[in-house]
Structures are given as C-alpha cells and as structure tokens.
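Worksheet for the structure shown next.
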Amino acid sequence: MRKFRALWTRLIGVFHPQRTDDEFAAELESHLQMHIDDNLRAGMTPEQARRDALIRLGGMEQTRQAWRERRTLPFLERLFHDTRFAFRQLRKSPAFTLTAVLTLALGIGGMTAAFSVVEAVLLRPLPFQDPDRLISIHEHLARDSHALRVTAPDVLIFQRENHVFSGAAGFISAAYELTGAGAPFRAGAERVSAPLFSVLGIEPLLGRTFTQQDDENAAPVAVISYAVWKERFLGDHNVLGKTIDLDRRPYTIIGVMPEHFAFPIRRRQTKPSGPLGAHELHLR
Amino acid sequence: MPDKTDVWLGTLSLMILKTLETMGPLHGYGIARRIEQTSGNALSLNYGTVYPALLKLEQEGAISSEWGVSDNNRKARYYKLTRAGRKQLAREARDWEQTIAILARFLSPAQEA
C-alpha cells in the first residue's frame, strides 16, 4: 500500500510536480547556510566553512540529481518531455507533418489490405474438415494454362472411380431469381453434386444435405443458407419441406446450413446471399 | 582512525523516522547531524542522501513537511512524523530487533550450550 501510494505520487509528479526544483534549491540553500553557521561557530574561516559544508553534503548537483530522480519517474518524465517536444516540432512544420502522416496512412492502409488478402487466401485454414486434404481439381489444355471447368460427366467419373481421395464432388456457381419466400430477389447459389457436403465435412443445422438418391432422382431439392433462413423464413423450424422457386422452378427445401458456413469461400463475402445448394444435376 | 561504516541500504529511512520521533519536527540538516551524532560518528553519511530518503518517506505518507524558521532565524523545511509514519517506525523497529536477535544467536552460540 505504501509502495503503491509512493508510486502514485511519483506518477502524478510527472505531470504536476508537487514540489518544484526551485523549492528544493531553497531547501538545500538553507541547509548549507545552517551548516556554514555551525562551522563558523566552530572557528572555521568563511571560506573553509562553505567548502566543508559542500563536501559533507556530497555535492550540490549530485544531491539535486538524486532528489529529482526520486521525485517523479524519470524515464516517464523524459518520455513525456520528448513527446511534447516532438509534437511542438510537428506543429511548427505542418507541410512535413502532413506528408509524414499521409505516407504512414497510405503505407499502413496498403499493408493492411495486402495482409487481409494474404490472411484470407493463404494463412487462414479453410473452415472445413481436414482443410489440408482438400484439393481443387481443374482441367486444362496442354498448350494453355487456363483452367477449364470439369464437365458434369467427368465429375461423376471422378466420384465413381476415384480411389485416392475419400470423396469427390462437383459444384458450379449460378444465380437464380428466388421467389416464394418474401419479395423476389436475385440469389447467388451453387449447383452441387451430392457428396459435396460430406467431402467438406459440414453437417447441416436443420434437416439433411444431398444424397446419392437426389442425384439419381433429379428431383429439385435445395439446401438454404442460414442468412436466407433467418431473413426469409424468420428462422422457422418448419421450413423443411417448404418450396421455393428458382427461376420459376419449384425446389423443396431439405436442409439449412449453420451460420458460419459459406461455400465457395470468397474474399470479402460477408454472408451467403442465397441457397447454397440448388440441387439440379441433369446428367443423363 | 577506523573506517566508518556506510549506511546499509534501507536503514536510513528507519534512522530518519526514529530521529523524528525522538526530536519532533526537524529540518534535513538537523536530521543528518543527529543521525551522525547518534551513531557516535561511526557512520559516514553524505548529508545530501537524507533528502531523497525524506522525499521517499513523504511520498509514502510516513512524514509531512512545511516551511518554518530555525532557532537561528533561518528559513528551513521542517519534517514531522505522521500517524502512518509512527506505525511504520514501530513495525520496522520490531523487525530489526528480531533480525538482530536471530543473528546474535548465530554469532555467539556458546551461550546456548
């Protein structure tokens, strides 16, 4: 408690010294005078008396220095003074200040932007099961490095004949006019093959995801995002079995995905805007 | 002439507190003088070192100070014990006596035998 009180006093002293250097100088001066008086009474010459008093004190400047260091927290005080000095200098040359601040702002801004991309694309693990075992398959022509889409029949072949991976699935982005759930709107969606959700290892929040049977029946079914469920169906738990129209074709809702599920992952995607899986593979 | 002992770290505060208890309100010079005399001139004390120690005690609330006038009509800053200071003195004095008693037992074990 005592230590804390002393520390507090010293901290306050950095900004509002309770006892000033001048006051301490006066105190030291009176100390010397009293000592000199005593020395004179003991029979020294005035010169001797003053010299002796100074020596016994241990030096005027040393004493002052030791006292000052104890008065406040010296490193904080210096920091405080340096900061004030820096601000004064900056105020004196506004053009330089502006340039420096702008340079810093642009630099920090640029770095932040670059880092957020790197972080999202390279550093952050994919929010799926076993992200290091997920790969993306593309095809390309021998002379052209542009990735081509894998055709739906090839996707089926991969799904059937693959012995290397525990699963394979295909998806393709699409946009639909979504009606039958509040006002019509343009919804981004993915058309996916059945094993996709098990490949990603994500369970639905409600209902189920697509099965092989869905693939074979080609009965139009959809899995909707959490956002659509909350906003369009007000989080209704009886949403399963209801129908939405995508481009005026009816799809039965069979599942709702968890809140943080997004697929495919896009940069700056804040929330999935539509059904995540509009299941509709017409392969035959 | 035998070497004078330096003031052990941390003991100066205690000496100052005790001096103020014995003498009542006193200025820095008086305190330094008194400590020297009490030690029988066996301590080498730069008078200047009492000032940071006084400041520390004041920051800790053990003493308070105000300007006054000395016997010789000199203006001087007078320090006096606060209630917290008296308690601190009692506690520290007790601790020291204990320490000394324990050490004494180690240094002269013959008495026990």
Quickly run through region A:59-102 and pick out the residues that are within 14 Å of chain B (Cβ to nearest Cβ), touching a residue at least 12 places away in the same chain (Cβ under 8 Å) and among the hydrophobic types (A, V, I, L, M, F, W, C). A:M60, A:W67, A:L73
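Here is a yes/no grid of residues against (1) buried (at least 22 other Cβ atoms within 10 Å of the Cβ); (2) of a type in the set (S, T, N, Q):
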residue: B:G24; (1), (2): no, no
residue: B:H27; (1), (2): yes, no
residue: B:G30; (1), (2): no, no
residue: B:R33; (1), (2): no, no
residue: B:Q37; (1), (2): no, yes
residue: B:L43; (1), (2): no, no
residue: B:Y47; (1), (2): yes, no
residue: B:L57; (1), (2): yes, no
residue: B:E66; (1), (2): no, no
Odd one out for A:R56, checked against (1) within 14 Å of chain B (Cβ to nearest Cβ); (2) surrounded by fewer than 14 Cβ atoms within 10 Å (Cβ to Cβ); (3) not acidic (D, E): (2)
Residues (among the aliphatic types (A, V, I, L, M), under 14 Å from A:V199 (Cβ atoms) and touching a residue at least 60 places away in the same chain (Cβ under 8 Å)) located in region A:112-168: A:L126, A:L134
Restricted to region A:28-53, and to residues that are more than 8 Å from chain B (Cβ to nearest Cβ) and either among the polar types (S, T, N, Q) or under 60 Å from the mean Cα position of the chain (by Cα) (or both), which residue is surrounded by the most Cβ atoms within 10 Å (Cβ to Cβ)? A:N39
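Which of the residues spanning region B:74-95 are closer than 21 Å to A:H31 by Cβ and either crowded, with 21+ Cβ neighbours inside 10 Å or more than 10 Å from chain A (Cβ to nearest Cβ) (or both)? First the steps, then the outcome.
First pass over region B:74-95, keeping only residues closer than 21 Å to A:H31 by Cβ: B:74-81.
Hits for region B:74-95 are B:A76, B:R77, B:Y78, B:Y79, B:K80, B:L81.
Taken together, the values in this text are just the output of simple stated rules run on the coordinates, not laboratory data. This structure is a prediction, so every number in the text was calculated from the model and none was measured. Note: ideal-geometry Cβ built from the backbone for every residue, glycine included; neighbour counts use all protein chains shown.
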